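Worksheet: the structure to be examined is printed underneath.
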Amino acid sequence: MVTMERELTAQLMTQVEFVDAPGMKGKKLQVGALDAEAPIVGATAEVLDANGKPLPGTAYVRVYDTETREPSVLPYMMLERQLNILREDGSRVFTTVRPKEPPIRGSFLCPLHPKAPRRDEFDKVGLPKCRKANLMTEMDVQRHFKSCHPRAWQYSEQARVRDEKENDRDFQRRMMEMMVNATAARTASAPTPAAVSVASIGCPDCPRTFGNKQGLAAHRRHMHSRKTE
């Protein structure tokens with residue numbers, strides 16, 4: 001099985017499509033460009049620099065995503081490693097064979113895209129820009145972000161964890177304030193001990209009332225002793 005995979009990789013490497021790259025003759029092409037056109041040539045073709053000297057080790061080639069058919073450009077020296085990247089189902093992620101159908105393109109942006117929502121935040125910490133704007137799903141966005149921009153992804157994850165902790169602290173503070181306010185409201189509305197022990201025994205000799213018989217008896221001894229004798 002391993003031998004067959006190696007043979008297939010070697011076969012794919014003989015079907016490469018060389019493209020012009022910065023500093024070489026012909027059209028200037030930024031690595032990762034999606035709209036470049038170049039003839040399919042053999043893997044042994046020489047790419048010349050501005051002085052006409054061959055630079056096979058620094059040549060750039062085009063590969064295609066086997067699912068989305070999306071083209072991308074990478075250095076020839078990285079080709080074998082990229083061709084050996086597999087998906088979870090064991091299929092290859094990239095191929096050098098030009099698809100017969102156009103690419104399947106989404107509309108999700110890389111978080112580092114100039115028009116992405118957090119671009120201003122990333123500019124403040126010096127993170128690079130990315131022009132990737134055709135990702136299919138949010139899962140593809142996260143996979144691209146983590147694999148292609150590990151430093152930026154790590155910063156974003158640290159910021160997310162920090163924000164979550166701060167949100168948790170805010171929630172706990174709000175809950176504590178609600179509990180304190182509720183306790184204060186219950187205390188304010190509760191009857192006081194004085195209000196509970198309302199006087200209910202009236203003095204027969206005057207309008208005063210008392211909460212118990214002892215109080216009434218003491219009152220009558222001091223205030224109405226002549227009447228009680």
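Numbers for the structure displayed
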| read-out | value |
| --- | --- |
| Criterion violated by Glu101 - all others in (1) loosely packed, with under 10 Cβ neighbours inside 10 Å; (2) outside any loop (DSSP other than H, G, I, E, B); (3) in contact (Cβ under 8 Å) with a residue 24 or more places away in the chain satisfied | (2) |
| Tally, over the range 109-155, of residues that are part of a loop (DSSP other than H, G, I, E, B) and more than 15 Å from the chain's Cα centre (by Cα) | 13 |
| Residue list for the range 68-98, filter: charged (D, E, K, R) and part of a loop (DSSP other than H, G, I, E, B) | Arg69, Glu70, Arg87, Glu88, Asp89, Arg98 |
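This table checks each residue for (1) of a type in the set (Ser, Thr, Tyr); (2) modelled with pLDDT under 90; (3) closer than 29 Å to Pro71 by Cβ.
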position: Leu86; (1), (2), (3): no, yes, yes
position: Lys115; (1), (2), (3): no, no, yes
position: Gly126; (1), (2), (3): no, no, no
position: Leu135; (1), (2), (3): no, yes, yes
position: Ser147; (1), (2), (3): yes, yes, yes
position: Arg151; (1), (2), (3): no, no, yes
position: Lys165; (1), (2), (3): no, no, no
position: Ala182; (1), (2), (3): no, yes, no
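The values are calculated or read from the model by the stated rules, or taken from the named source; none is laboratory data. These numbers were taken from a predicted model, which means no experiment stands behind them. In this analysis, Cβ positions are derived from the backbone assuming ideal geometry, glycine residues included, and neighbour counts consider all displayed protein chains.
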